[in-house]
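What follows is a short report on a single structure.
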Amino acid sequence: LIDTPGVDSGKSSMENNGTNVHKDITLELLKKNNKSMVVFCAEAARYEADSISKFMDDITTQSEKEKGGFKDRYVFLLNKGDDLTFDHDETTEIKKNAFIDYITNNGKRKFVPRIFYISAAVQYWISNVIYNKKNVDVGNNTEMRALKRSYNSFNDAIVEYEDEKYYFAKYADVPRYRKEEYENKFNAEMKKDDKTKAVEIQCGMIAFEDAIKDYIERYAFPIKIQSMLETYEYILDDVSKFISADTKTLEN
């Protein structure tokens, strides 16, 4: 799993005489032939401020050369989805299509990676505060106060207003059966009045984690097994040659 090091980092350029070392590192990693998963993380509402588009030509070229599982390897993680605002009849699907237009240069590039809207802040608050039953005194802790505010506003949008624009599990690039699974679980949790679990499903992180698990199961694990089998074959071959040579010595 490769988490790219801030490919649009202005700091990297400033510290290296105008050369964006982070970008160079990322491009080198993308050229490797191993079957790693690559996660590009951008802010959902500010993706055009990132230099994502600069990498798409390289990725598209690679996608034409490689086959099995290539699409699953590349994930665009649009974080801070809870900061999204919508105009009139605008939906998350419309915003997602606008992002696809951006990274494909309005259809000129063929490759469309998998896209996930998430709110890591909401998931953090659920996992580390609510589930751990921590009594957090946010007080002057600006970071914790921001996390709590993110959770509360997202909770209101999902539970109080039932605003489907923030149903990120619904828009995740996962198989249909997964989406149906999330929808059924969400409705069941709402019915049981377990609002925390309902919100957790829709904040998107579960869908993203499932995508990683599915990738490992379908591609990474079989490749690992294949590698082990090849190693085992080499060992058997060496043993066979040794036995053959030993037999010849005995015969002599």
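The values are calculated or read from the model by the stated rules, or taken from the named source; none is laboratory data. Predicted model only: the values in this text are computed from it and were never measured. Glycine gets a Cβ as well: all are built from the backbone with ideal geometry, and neighbour counts include every protein chain shown. All accessible areas refer to the heavy atoms of the entire protein, side chains included, with ligands and DNA or RNA removed. Shrake-Rupley method; radii C 1.70, N 1.55, O 1.52, S 1.80 Å.
Here are the numbers for this structure:
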| read-out | value |
| --- | --- |
| Filter result (open to solvent by 30 Å² or more (accessible area, probe 1.4 Å) and either under 17 Å from ASN155 (Cβ atoms) or outside any helix (DSSP H, G or I) (or both)) within segment 173-184 | ASP173, PRO175 |
| Condition check for LYS110: surrounded by fewer than 18 Cβ atoms within 10 Å (Cβ to Cβ) and over 18 Å from ILE206 (Cα atoms) | yes |
| Residue count for segment 160-169, restricted to those that are surrounded by fewer than 19 Cβ atoms within 10 Å (Cβ to Cβ) and within 18 Å of ILE118 (Cβ to Cβ) | 2 |
| Within segment 44-82, tally of residues that are surrounded by fewer than 17 Cβ atoms within 10 Å (Cβ to Cβ), at pLDDT 75 or above and among the basic types (Lys, Arg) | 1 |
| Some residue of segment 109-124 being at pLDDT 90 or above, hydroxyl-bearing (Ser, Thr, Tyr) and farther than 26 Å from LYS54 by Cα | yes |
| Looking only at segment 83-107, and only at residues there that are surrounded by 19 or more Cβ atoms within 10 Å (Cβ to Cβ) and among the β-branched types (Val, Ile, Thr), the one that is modelled with the highest pLDDT | THR92 |
| Residue within segment 190-209 that is open to solvent by 90 Å² or more (accessible area, probe 1.4 Å), on the phi < 0 side of the Ramachandran plot and of a type outside the set (Phe, Trp, Tyr) present | yes |
| Neighbours by Cβ (under 7 Å, 6+ apart or cross-chain): first from segment 129-144, more than 15 Å from THR196 (Cβ to Cβ) and modelled with pLDDT of 75 or more; second in a loop (DSSP other than H, G, I, E, B) and open to solvent by less than 100 Å² (accessible area, probe 1.4 Å) | MET144/VAL136; MET144/VAL138 |
| Residue match in segment 227-248 (condition: surrounded by 10 or more Cβ atoms within 10 Å (Cβ to Cβ), in contact (Cβ under 8 Å) with a residue 24 or more places away in the chain, acidic (Asp, Glu) and in a helix (DSSP H, G or I)) | no |
| Scope segment 152-163; condition on the phi < 0 side of the Ramachandran plot and free of Cβ contacts under 8 Å to residues at least 40 places away in the same chain; matching residues | ASN152, ASP156, GLU160, TYR161, ASP163 |
